[in-house]
Amino acid sequence: MRFLLDAEQRAFAASLDALLTAADTPSVVRDWSRGDHGSGRALWRRIAEAGVFALAVPEEYDGLGPRPVELAVAFVELGRHAVPGPLVETVTAAVLLDKTERLLSPLASGETMATVAYDSPYALDGDAATTRLALTPDGLHLAPGHGPVRPSLDPARRLTPLTPGGELLTPTPPVEQALAWARLAVAAQALGVGLALLDKTVAYVRQRTQFGAPIGSFQAVKHRLADAKIALEFARPLLFGAALTMDTADIAAAKVTACEAAYTTARTALQLHGAIGYTAEYDLSLWLTKARALRTAWGTPDECRALVVSGGGRRS
């Protein structure tokens, strides 16, 4: 079975690619990692104007959705350009908030960004988010604040504990549905990260020479890159197939496949770049660390594999 994007979806991806290319996202990521959110917020508003966050918000709350296929298209591009911020968390919040109009409309427009603490006291980018949600045994709370920022493996993913308590928004939020959307977005983001790493590595091995020849001409290098390419291309139809069915098992399969493909590609990129790949000053590191972080975000590989084995079977 083939999952091909239509002309409108391809044009949407191309427009996002052009927007993000012009934004110089590596410099935005570095600002974000220092706690300077100015350039990141400006980029966030442009992404929202393109309709990305509205794809997870129903039309009756000023959104365009739910449109999971288009959301997957968008998040591939966000991952390809290593865009910082609580992107997945804002989508997750849009699903959790369900019919809370006063909070949904600002998310769709980009006026606010959201983060969610789930199965952990820490939330991503709680210092930048304006809507902070905490899932507890008694329901979904609007957290009143956050604690000190803690760094993570990915400099664009800053962790903050959320202040306990706050307004109880609903005792029965749609947690399983929100998890499905979160995992779909992570899978798409990981695929984009892997594709960017592959492109950057192919360009590098064509330029770097040893023994008077580009290292990309060596058979061992070709094999490593071919393996990475196959893994990423195998993940692509799983991702868009899952976006069509929104079955929890399909989404789990897409997430584990895309994240493992991105992680494999990151290891290949690091090996073929040599020591320069380790340096924080080199842009490649922004994608390397993101591939590692996304691998366990919103579900570890073991958790996703367990869902696949159990069959899932629920549409979200």
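The values are calculated or read from the model by the stated rules, or taken from the named source; none is laboratory data. Being a predicted model, the structure only gives us computed values, none of them experimental. No Cβ is skipped: glycine too gets one built from the backbone with ideal geometry, and neighbour counts run over all protein chains shown. For accessibility, only protein heavy atoms count, side chains too; no ligands or nucleic acids. Shrake-Rupley method; radii C 1.70, N 1.55, O 1.52, S 1.80 Å.
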### Message
Cβ-Cβ under 8 Å, sequence separation 6+ or interchain: first residue in the stretch 57-75 and in contact (Cβ under 8 Å) with a residue 60 or more places away in the chain, partner of a type in the set (S, T, N, Q). Which pairs?
### Response
69/9; 70/9; 73/9; 75/189
### Task
Scan the stretch 137-161 for residues that are open to solvent by 70 Å² or more (accessible area, probe 1.4 Å) and part of a loop (DSSP other than H, G, I, E, B) and report the count.
6
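Scanning the stretch 216-231 for residues that are of a type outside the set (D, E, K, R) and surrounded by 18 or more Cβ atoms within 10 Å (Cβ to Cβ), which turns out modelled with the lowest pLDDT?
Filtering the stretch 216-231 down to residues of a type outside the set (D, E, K, R) leaves 216-221, 223, 225-226, 228, 230-231.
Still in the list and also surrounded by 18 or more Cβ atoms within 10 Å (Cβ to Cβ): 216, 221, 225, 228, 231.
Working: 216: 87, 221: 94, 225: 96, 228: 97, 231: 98.
Within the stretch 216-231, the match that is modelled with the lowest pLDDT is 216.
Kindly evaluate residue 196 against the criterion of being within 19 Å of residue 295 (Cα to Cα), part of a loop (DSSP other than H, G, I, E, B) and touching a Phe, Trp or Tyr at 6+ places or on another chain (Cβ under 7 Å).
Judged against the criteria, residue 196 is not a match.
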### Task
Could you pull out every one of the helices (runs of 4 or more DSSP H) wholly within the stretch 245-313 that has 3 or more residues that are in contact with a Cys (Cβ under 7 Å, 6 or more places away or on another chain)?
248-273
### Task
Specify which of the listed residues (93, 48, 54, 72) is in contact with a strand residue (DSSP E or B) (Cβ under 6 Å, 6 or more places away or on another chain) and under 20 Å from residue 185 (Cα atoms).
93
### Message
Among (1) at negative phi; (2) without any contact (Cβ under 8 Å) to a residue 60 or more places away in the chain, there is one condition residue 212 misses while meeting the rest; what is its number?
### Response
(1)
### Query
For residue 244, all conditions in the list (1) over 28 Å from residue 157 (Cα atoms); (2) touching a residue at least 60 places away in the same chain (Cβ under 8 Å); (3) open to solvent by less than 50 Å² (accessible area, probe 1.4 Å) hold save one; what is the number of the exception?
(3)
